[in-house]
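*Asks:* One structure, pasted below without further comment.
The values are calculated or read from the model by the stated rules, or taken from the named source; none is laboratory data. Values in this document were obtained by computation on a predicted structure and should not be read as measured data. Neighbour counts are summed over all protein chains in view; Cβ atoms, including those assigned to glycine, are modelled from backbone coordinates with ideal geometry. Ligands, DNA and RNA are excluded from the accessible area calculation, which covers all protein heavy atoms including side chains. Shrake-Rupley method; radii C 1.70, N 1.55, O 1.52, S 1.80 Å.
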Number of protein chains: 2
Amino acid sequence: MIATQQLAAHWTLSPDIRFLNHGSFGACPRVVLEAQAELRARLEAEPVRFMARELEGRLDAVREALGSFLGCRPRDLGFVPNATTAVNAVLRSFAFEPGDELVVTNHGYNACSNAARFVTERAGAKVVVADVPFPIRSEDEVVEAVLAKVNDRTRLLLIDHVTSPTAAVLPVERIVRELRERGVETLIDGAHAPGMLALDLDALGAGYYTGNCHKWSCAPKGAAFLHVREDLQESVRPAVISHGANSPRQGRSRFLVEFDWEGTDDPTPVLAVPVALEFFEKLLPGGWDEVRTRNRELALEARRILSATLGTELQTPDTMIGSLATVPLPDGASDGRRDAFTVDPLQAVLYDVHRIEVPVFIWPEAPRRWLRISAQLYNSEADYVALAEALQQAL
Amino acid sequence: MIATQQLAAHWTLSPDIRFLNHGSFGACPRVVLEAQAELRARLEAEPVRFMARELEGRLDAVREALGSFLGCRPRDLGFVPNATTAVNAVLRSFAFEPGDELVVTNHGYNACSNAARFVTERAGAKVVVADVPFPIRSEDEVVEAVLAKVNDRTRLLLIDHVTSPTAAVLPVERIVRELRERGVETLIDGAHAPGMLALDLDALGAGYYTGNCHKWSCAPKGAAFLHVREDLQESVRPAVISHGANSPRQGRSRFLVEFDWEGTDDPTPVLAVPVALEFFEKLLPGGWDEVRTRNRELALEARRILSATLGTELQTPDTMIGSLATVPLPDGASDGRRDAFTVDPLQAVLYDVHRIEVPVFIWPEAPRRWLRISAQLYNSEADYVALAEALQQAL
């Protein structure tokens, strides 16, 4: 087995910090940053050639590589800077009418729940929240909670593949199947999924699936995709309407043309995606499968270490864990904190005193705060042991 | 006077190409690219610290520098990747009702005219096109063309400060004043303005003003702003709804909080803006004023050289020229070209044979095609003489 130290050398993370929060913004291997710098140098040497004449071909090459990684046809992939932007594009394109219902879950990502409320309020439609328990005891609980809210008025389900506050891998395959039987489409926010979970988007068959490439695929920030099933593409327009609305298609769909250009921006994060995908495929003998397995095993071990030290119970079955996990803290909600946006005092102590970067979450519905740990190749068991020791001191 | 060669050394443009199209995507001085690389290295050393804890303060510092450059209060500035995105945000936020009219001009930027059609069609409202003649003989012609289309149903005017296909500086001060007297707000697409024209946005008093920093201010691609007059800020929402919709404000407006975060993206283009502003302020003894004057004089000289060689008349008065100008070609519209998106055969010859990057425009309403030349500090008279000679051979 390749030592963590050897793997960590591929990253440019500060050696002074134990970085246990890959989940929030990812972190780029050096080789990806170098490839991006090279692309940017080419762009700046001849901006018009790069942006106006070469970009489409370069994006097509990214689409090929990404399609093969995600298990889907390249032509069903549009580019966006992040999953939130993709969720906005789909929701703002969806023709909600008064009385329509959009189902979300209480574990949903706040930014996207905001977008859901925004579009439904404008249309006189309604957001309906499916209450998934936490701790979660089984996948069945999730499926049941969602189905309990689906009825004749349901037009769409917005659900996370991996939940952000609670780090649970939800059974989206089952949910998509159940909802399609009921004539309801699903928009999956797979912000954390690509690189954490093996994906086969064609087999999944969801109407809409978005994922970030900057998290667990380690592309630069600003690289994400929106997959739309072919029969729904005509109705999905980007959040930013640009030239694509009336430019000649030359055999391409409007979906591709519009999502390939939403105004001038730095295209190098997206263009660096294939470098990141190839880096991981070649890094370990077992390629991406080994990367995902190694990270998942480390995340499971980390929560065992932390739960044992803190004396708190596990919040989700092992089967619902990827490379992200939550660990409840033994004490109640922090007095020093009133909302989910500000930094918890414990988080500040862990960073300032113990030099550990790890988020402390609160959630209006849960009595306790918890940690969310990430496991990426640059992390080792020693990181979580150090965190457990720091928590014993700090709590 | 500092020699062009000395100034051109600040850029990383390919020495093999005469780059006469600064207008499309700009070009970054080396010092800006280095500052951006340094920011990106910091980000990747500690992604969470940079993105979650430091970014707001860093954006506030950019807002200060940019506000002073634009002549406006920093707190009225939101960040966007490009002007098209800002136009989409304003138009999608505007509560058009059936029968409402949105006035645009026939010289408008295609991407933004598309956004205008998109939002009005959805609302049962209407885009009304003000026909500004071309050639333009005076500012009066522009003001009259716009006012001729303003009536009781007019809700908003969308107009370019510097037109893209025709490179004319429009009299937005007069237009904003006339329209405010009639109770109509103006959304100015100043994509080309910051760095080309001296701006005083507070004095201008437009409801909405957007500008790119990546064009004539030479920031990296992905840096632009939206200025909204304070009394209108509550109603303007970004194209991407994110955490800002319900995050605590801590004394900040929702406008600021929402436009400061539209999902994870690379913030370094925006963060490099102050470096670009300071670079130009210090580069020439007369600071930004001298930069703008020098570029404008070169653009005027360039169109004199080219018009004399080609025997074609000037299309706009000198007073309506910034650092971008059009030069009509002596022949008719190209047979080889059917739309405004594909590359004109002449443009290809100029690039392939003569190694000159310059766009050839067509416009459905004009019988002739034309060149659009840009003048930035790295350009010299010799560039346009070379272009004139190349045109004599190619035509």
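*Asks:* Between a first residue in the stretch B:36-47 that is more than 8 Å from every other protein chain (Cβ to nearest Cβ) and a second residue that is among the hydrophobic types (A, V, I, L, M, F, W, C), which pairs have beta carbons less than 7 Å apart while being 6 or more apart in sequence or on different chains?
*Replies:* B:36/B:272; B:39/B:271; B:39/B:272; B:42/B:50
*Asks:* Further question on the same structure: Please go through the stretch B:14-30 and pick out each residue that is touching a residue at least 60 places away in the same chain (Cβ under 8 Å) and open to solvent by 60 Å² or more (accessible area, probe 1.4 Å). Reasoning before the result, please.
*Replies:* At the first step, the residues of the stretch B:14-30 found to be touching a residue at least 60 places away in the same chain (Cβ under 8 Å) are B:16-29.
Result: B:16, B:18.
*Asks:* Further question on the same structure: Report those helices (runs of 4 or more DSSP H) wholly inside the stretch B:104-190 carrying at least 1 residues which are buried (at least 21 other Cβ atoms within 10 Å of the Cβ) and either of a type in the set (Phe, Trp, Tyr) or in the same structural domain as residue B:326 (by TED's automatic domain parsing) (or both). Reasoning before the result, please.
*Replies:* Working: elements: B:110-123, B:139-147, B:172-181.
So the answer is none; nothing clears 1.
*Asks:* Something else: Scan the stretch B:247-287 for residues that are at pLDDT 95 or above, open to solvent by less than 20 Å² (accessible area, probe 1.4 Å), assigned to a loop (DSSP other than H, G, I, E, B) and at the interface with chain A (Cβ under 9 Å from one of its Cβ atoms) and report the count.
*Replies:* Summing the residues that are at pLDDT 95 or above, open to solvent by less than 20 Å² (accessible area, probe 1.4 Å), assigned to a loop (DSSP other than H, G, I, E, B) and at the interface with chain A (Cβ under 9 Å from one of its Cβ atoms) in the stretch B:247-287 gives 3.
*Asks:* Further, regarding this structure: Yes or no: residue B:70 in contact with a strand residue (DSSP E or B) (Cβ under 9 Å, 6 or more places away or on another chain), modelled with pLDDT of 95 or more and not hydroxyl-bearing (Ser, Thr, Tyr)? Steps first, answer last, please.
*Replies:* On the way: in contact with a strand residue (DSSP E or B) (Cβ under 9 Å, 6 or more places away or on another chain): yes; modelled with pLDDT of 95 or more: yes; not hydroxyl-bearing (Ser, Thr, Tyr): yes.
So residue B:70 passes the test.
For (1) open to solvent by 10 Å² or more (accessible area, probe 1.4 Å); (2) at pLDDT 95 or above, each residue gets a yes or a no:
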site: A:293; (1), (2): yes, yes
site: A:342; (1), (2): yes, no
site: A:350; (1), (2): no, yes
site: A:358; (1), (2): no, yes
site: A:364; (1), (2): yes, no
site: A:373; (1), (2): no, yes
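*Asks:* Do you know which of the residues in the stretch A:70-97 that are surrounded by 23 or more Cβ atoms within 10 Å (Cβ to Cβ) and farther than 19 Å from residue A:116 by Cβ is nearest to the other protein chains (Cβ to nearest Cβ)?
*Replies:* A:81
*Asks:* Additional query: What pairs can you find where one residue is in the stretch B:52-71 and touching a residue at least 40 places away in the same chain (Cβ under 8 Å), the other is open to solvent by 50 Å² or more (accessible area, probe 1.4 Å), and their Cβ atoms are less than 7 Å apart, with a gap of 6+ or different chains?
*Replies:* B:71/B:200; B:71/B:202; B:71/B:203
*Asks:* Could you run through the stretch A:229-246 and say how many residues are at the interface with another protein chain (Cβ under 8 Å from one of its Cβ atoms), over 17 Å from residue A:156 (Cα atoms) and under 24 Å from the mean Cα position of the chain (by Cα)?
*Replies:* Adding up the residues that qualify gives 2.
*Asks:* Could you list, in sequence order, all residues of the stretch B:227-244 that are without any contact (Cβ under 8 Å) to a residue 24 or more places away in the chain and either open to solvent by 30 Å² or more (accessible area, probe 1.4 Å) or in contact with a Pro (Cβ under 8 Å, 6 or more places away or on another chain) (or both)?
*Replies:* In the first step, residues of the stretch B:227-244 are kept if they are without any contact (Cβ under 8 Å) to a residue 24 or more places away in the chain; the result is B:231, B:234, B:240-244.
Result: B:231, B:234, B:243, B:244.
*Asks:* A further question on this structure: Determine, yes or no, whether residue A:222 is in contact (Cβ under 8 Å) with a residue 12 or more places away in the chain, touching an Asp or Glu at 6+ places or on another chain (Cβ under 6 Å) and within 12 Å of another protein chain (Cβ to nearest Cβ).
*Replies:* Yes, satisfied.
*Asks:* Determine, yes or no, whether residue B:329 is among the aliphatic types (A, V, I, L, M), surrounded by 14 or more Cβ atoms within 10 Å (Cβ to Cβ) and at pLDDT below 95.
*Replies:* On the way: among the aliphatic types (A, V, I, L, M): yes; surrounded by 14 or more Cβ atoms within 10 Å (Cβ to Cβ): yes; at pLDDT below 95: yes.
For residue B:329, the condition - among the aliphatic types (A, V, I, L, M), surrounded by 14 or more Cβ atoms within 10 Å (Cβ to Cβ) and at pLDDT below 95 - is met.
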